[in-house]
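Enquirer: Sending over a structure as structure tokens; questions will come in a sec.
The values are calculated or read from the model by the stated rules, or taken from the named source; none is laboratory data. These numbers come from a predicted model, not from an experiment. Glycine also receives a Cβ, built like all others from the backbone with ideal geometry; neighbour counts cover every protein chain displayed.
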Amino acid sequence: MALQKRTMGANGEMRGRSPTQDAFRRLFRHRAATVGAIYVLLLVIVALFVDTTIPAAIFGGEARPLIAPKHYAEVSFFERDLPPGTPGFPLGTDYLGRDILSRTLYGTRVSLAVAIVAATVALIVGLTYGVISGFAPSGVDNAMMRFVDFLYGFPLLIFIILMQALFKAVSRRGATGFVGMMVGIDKALGGMFFLFVALGILNWIGMARLARGQTLSVKQKEYIESARALGASNLRIVFRHVLPNIIGPCIVSETLAIPGYILTEAFLSFIGLGVTPPTPSWGLMISETYQGLRTYPWETLIPGAALATTTLAFNFLGDGLRDAFDPRLRGT
Amino acid sequence: MIQYLVRRLLWAIPVLLAIMVVTFFLARAIPGGPFDFRGDKQIPETIRKNLERKYGLDLPLHQQLGRWIWDAIRFDFGPSYASRSQTVTDILKRTFPISFQLGVLALLFALCIGIPMGTIAAVKQNTIVDYGATFAAILGVSMPTMVTGPLLMWVFALILGWLPAARWGTDYTQLYLGFFPNLLSGKFWLHAILPSLTLGLAYSASIARLTRASLLQVIREDYIRTAYAKGLPGRRTVILHGLRNSLIPVATVLGPMFAGIVTGSMIVEQIFGIAGMGKYFVTSVTNRDYPMIMGAVLLYSVLLVGANLLVDVSYAWLDPRIRYD
């Protein structure tokens, strides 16, 4: 958007709006995207504060939980399989008598953490690889892209399964040194850390291709030439001129990839290679309960609804972002 | 064209070899071996050693790798370590046709719903029909099979009782179905509806989105305007001249989609109690069943390579401007 719209400032002077401001204006005019953004924001708040308690000092009595009524692993033998609406258990309990509402709320943590970390790792690795490849001499560029093509033909899902099995076996066996440290982190995070690693390692490929394409097209522009003529170094050109111009589409495409990460995490937890029980993940909750669907449908359908609405919100947000940052693609 | 095909097939060989080698090292890097436990009981040291010698697991690693690749080339992997009375080929022969039928039906369903829906949405752009279809599509993309599966089963099998809730082909587990099921039997279709619908739904939604987007670009092109100017009726123009050209992006995703459908069936098969090959991708890894891992991975990779090749060939048919010579 080379043409900046001009608006009158409060004191009468003309003020320009930057392309980014324009994009955000367009984003918030997009109703579905706004709804998606608000939902994602709510999820982030839930994920951050789900185990926060209101201190006893405020209301007196015991410390009360702020969001989730119970802890996710609080088992209760006499309160198993209660239907939604039971007093004390608004969404019922599962086969171990754990509160489904609390487990679903805690589940946002795993999904969001995986989504954000995997997306960030993929973005950083892919962007670095792609920009280097786009900027390198054509021989290096060719070699780097052949490697990416090569990985593209790989059955990634199977490699994720193999890697997760490897990580799980290593962490069960225990280890020392650097690996031991990683195992420790993974245990502390309820099995999420290795998920981050597996998803991040394997998902940067698409981003690398996009970043390289963008770099190649930006490299031809006159402002790069003029920067070079002024004696700017390669590093300066990359950081001051190339990155700011290609980061938009890359972030948009990564946002659109987030539902995929959430679903992969749910898939891995479903087949038993994701988070470690009893850490609540929606995929794990579904896999633990779908066999009782005939008698206790809510145990499966409630985490399912949470999963579907979350991916839907990210899809809306991603679509809106894409329309806002690249109006040529509107409606695609 | 022939030359192109040969070149592509030759390029597939190093890719498949690399997949085999990487799989070998990843599988071997997982601590523990196939004969550590029988059920919950640990197998005594001497018996484990003997078993490992029998299956050549005591050889040096490079010899094992050589055997592994030689087995893969002949597509003969020997007995599965987890159930030693069956060979891997037997298991794949029994289970792959079921997964394949499920996958093909799901893909057909996805195409039959997705392409017309995308076309209608594009033709009626910015009307209520378009918004409805777009919303339905984004909803479909967001619903994973582990959500739609139980939901559809709950509604259509458990509440309404219209369709059977589980199994493939018949009510009881039939051990061998073969590639061509009895298409005339009503039972087969009744059992097939829910799983194929579940598996195909998400794909139909993404096909609809792609079709709409690419058709919208195509119908703005000059040759479409020319067709209108020559007085061709609207529907004929869009379908005969527009749709075919706009299917290229759809064909592009069909390759990975097909391979994804075969593995995506993992969850659908588990939910609907179907005896396909999906579960072996996971159980073979957790059991350290090396021959089974290799068989499943190789079959899947060959499918992936074949599907991508088919897609590239279909470009030439969809858009005559594309040539491969």
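Enquirer: Report, by residue number, each residue of segment A:164-205 that is closer than 30 Å to A:N234 by Cα and either among the aromatic types (F, W, Y) or surrounded by fewer than 17 Cβ atoms within 10 Å (Cβ to Cβ) (or both).
Expert: Result: A:I201, A:W204.
Enquirer: Now for a separate question. Taking the condition of being modelled with pLDDT under 85 and within 12 Å of another protein chain (Cβ to nearest Cβ), how many residues in segment B:180-212 meet it?
Expert: Matching residues across segment B:180-212 total 1.
Enquirer: Sticking with this one: Can you name the residue in segment B:141-159 that is at the interface with chain A (Cβ under 7 Å from one of its Cβ atoms), of a type outside the set (F, W, Y) and assigned to a helix (DSSP H, G or I) and is also nearest to A:S287 (Cα to Cα) among such residues?
Expert: Only one residue fits best here, namely B:M146.
Enquirer: Next question, about the same structure. Since B:G66 meets every condition but one in (1) out of contact with any Leu (no Cβ under 6 Å at 6 or more places or on another chain); (2) of a type in the set (G, A, S); (3) in contact (Cβ under 8 Å) with a residue 40 or more places away in the chain, which condition does it not meet?
Expert: (3)
Enquirer: How many residues, within segment A:238-271, are within 18 Å of A:Y290 (Cα to Cα) and either acidic (D, E) or surrounded by fewer than 19 Cβ atoms within 10 Å (Cβ to Cβ) (or both)?
Expert: Residues that pass the stated criteria total 1.
Enquirer: All but one of (1) buried (at least 19 other Cβ atoms within 10 Å of the Cβ); (2) more than 10 Å from chain A (Cβ to nearest Cβ); (3) without any contact (Cβ under 8 Å) to a residue 12 or more places away in the chain hold for B:Q270; which doesn't?
Expert: (2)
Enquirer: I would also like to ask the following. Inspect all residues belonging to segment B:283-295 and state whether any of them is buried (at least 18 other Cβ atoms within 10 Å of the Cβ), closer than 19 Å to B:I73 by Cβ and at the interface with chain A (Cβ under 10 Å from one of its Cβ atoms).
Expert: There is at least one residue in segment B:283-295 that is buried (at least 18 other Cβ atoms within 10 Å of the Cβ), closer than 19 Å to B:I73 by Cβ and at the interface with chain A (Cβ under 10 Å from one of its Cβ atoms).
Enquirer: Testing B:I115 on (1) within 13 Å of chain A (Cβ to nearest Cβ); (2) in contact (Cβ under 8 Å) with a residue 12 or more places away in the chain; (3) hydrophobic (A, V, I, L, M, F, W, C), one condition comes back false. Which one is that?
Expert: Unmet condition: (1).
Enquirer: Tell me the residue from A:L235, A:L321 that is crowded, with 24+ Cβ neighbours inside 10 Å and away from chain B (no Cβ under 11 Å), please.
Expert: Every option except A:L321 fails the conditions.
Enquirer: Anything in segment B:72-99 that is touching a Ser or Thr at 6+ places or on another chain (Cβ under 7 Å), in a helix (DSSP H, G or I) and small (G, A, S)? List them, or say none.
Expert: Hit for segment B:72-99 is B:S99, nothing else.
Enquirer: How many of the residues in segment A:158-178 are within 11 Å of chain B (Cβ to nearest Cβ), without any contact (Cβ under 8 Å) to a residue 40 or more places away in the chain and of a type in the set (A, V, I, L, M, F, W, C)?
Expert: 8
Enquirer: May I pose another question? For segment B:25-71, name all the residues that are within 14 Å of chain A (Cβ to nearest Cβ) and part of a helix (DSSP H, G or I).
Expert: Residues satisfying the conditions are B:F25, B:L26, B:A27, B:R28, B:A29.
Enquirer: Limited to segment A:270-284, what total is found for residues that are within 10 Å of chain B (Cβ to nearest Cβ) and part of a helix (DSSP H, G or I)?
Expert: Residues of segment A:270-284 that are within 10 Å of chain B (Cβ to nearest Cβ), as a first pass: A:270-273, A:282-283.
Filter once more, keeping what is part of a helix (DSSP H, G or I): A:270, A:282-283.
Count: 3.
Enquirer: Evaluate the following for B:G242: is it under 15 Å from the mean Cα position of the chain (by Cα) and either in a helix (DSSP H, G or I) or surrounded by 22 or more Cβ atoms within 10 Å (Cβ to Cβ) (or both)?
Expert: no
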